[in-house]
Amino acid sequence: MIAIYIIAGIIALVLLLAAIAPKKYNVNRSIVIDRPIGEVFDYLKYVKNQKYWGPWQSRDPDMKQTFTGIDGTIGFVSAWESDHKQVGAGEQEITKIEEKARIETELRFLKPFKSVSHGYLETYEQVGNKTKVIWGFHGNNKFPFSIMMLFFNMDKAVGKDFEEGLEKLKNILEK
């Protein structure tokens, strides 16, 4: 009988945690770049340029990359594979482009765990021929991963990577 109470207690705890766990996430960071919006947007829409400013490429310069389609257009896919635990494997596909405004991608992570997120880069014209860039991604936390998100701060973990990448982007475009 005690075993039944223990099992029932564990099940109740898991159900409670699942009920209060975050079901969605959205992480983003922004930076202002001293360049006109057209110039910034034209650089951002080419996924291959991420090798120069994306933080993950510098963590594993030897990662394998393959490309399908025409870069800078809807349907272009960049796939990567790495043994580095912070890089993993997956692919990024351009799903929407709004000229001088927004680029959307679907991020399909395969390693270290399978998940799908939606990435975005937004550009906003600023006074003085400057451009604000917002880089982020969002998605859903599915059970049981959602319970783990009670103990893991996605914003803190990925936000640092976005900040690092945006600083590199700024340095490249302001040269």
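Sorting 135, 56 on the 10 Å Cβ count, fewest up front, what's the list?
Arranged by neighbour count, lowest to highest, 135, 56 become 56, 135.
Rounded, prolate or oblate for the chain? Axes are the square roots of the Cα gyration tensor eigenvalues, ordered a ≥ b ≥ c, and the cut-off for rounded is a/c under 1.5.
Taking the square roots of the gyration eigenvalues as a ≥ b ≥ c, the chain is prolate.
Given 166, 26, 126, which one lies farthest toward the positive end of the charge dipole of the chain, if we put +1 on the Cβ of every Lys and Arg and -1 on the Cβ of every Asp and Glu?
Positive-end residue among those listed: 26.
Which of the aspartates and glutamates could a cross-linker bridge to residue 51, judged by Cα under 12 Å and excluding same-chain residues fewer than eight apart?
60, 62
Tell me, what HN-Hα J-couplings in whole Hz come from the Karplus equation 6.51 cos²θ - 1.76 cosθ + 1.60 at θ = phi - 60° for each residue of segment 165-175, using x for Gly and Pro?
x, 5, 5, 5, 4, 4, 4, 5, 6, 8, 5
Relative contact order, percent, of the chain when contacts are C-alpha pairs under 8 Å separated by at least 6 residues?
That works out to 30 percent.
Given the Cα-Cα distance of residue 65 and residue 113 and 0.36 nm per residue of separation, how much length would full extension add, in nm?
15.4 nm
State whether segment 70-137 is rounded, prolate or oblate according to the following rule on the C-alpha gyration tensor (a ≥ b ≥ c being the square roots of its eigenvalues): a/c under 1.5 gives rounded; otherwise a/b larger than b/c gives prolate, and the remaining case gives oblate.
Taking the square roots of the gyration eigenvalues as a ≥ b ≥ c, segment 70-137 is prolate.
Given +1 on the Cβ of Lys and Arg, -1 on the Cβ of Asp and Glu, and no further charges, what dipole in debye does the chain carry about its Cα centre, rounded to the nearest 20?
Taking the Cα centre of the chain as origin, the dipole is about 360 debye.
What nm value, rounded to one decimal, do you get for the distance between residue 130 and residue 25 when each label is placed 7 Å out toward the C-beta?
Rounded to a tenth, the inter-label distance reads 3.1 nm.
If each residue's Cβ is checked for other Cβ atoms within 10 Å, how do 5, 120, 52 rank with the fewest at the top?
So the ranking, lowest neighbour count to highest, is 5, 52, 120.
Cut-off is 10 Å between beta-carbons; in what order do 82, 58 appear when sorted fewest neighbours first?
58, 82
Pick from 129, 141, 28: which residue has the top mean-square fluctuation in a GNM of the chain where Cα pairs under 10 Å get a spring?
Result: 129 has the largest fluctuation of those listed.
Computed from the coordinates by the stated procedures, all read-outs in this text should not be read as laboratory data. These figures come from a predicted structure and were not determined experimentally. Note: ideal-geometry Cβ built from the backbone for every residue, glycine included; neighbour counts use all protein chains shown.
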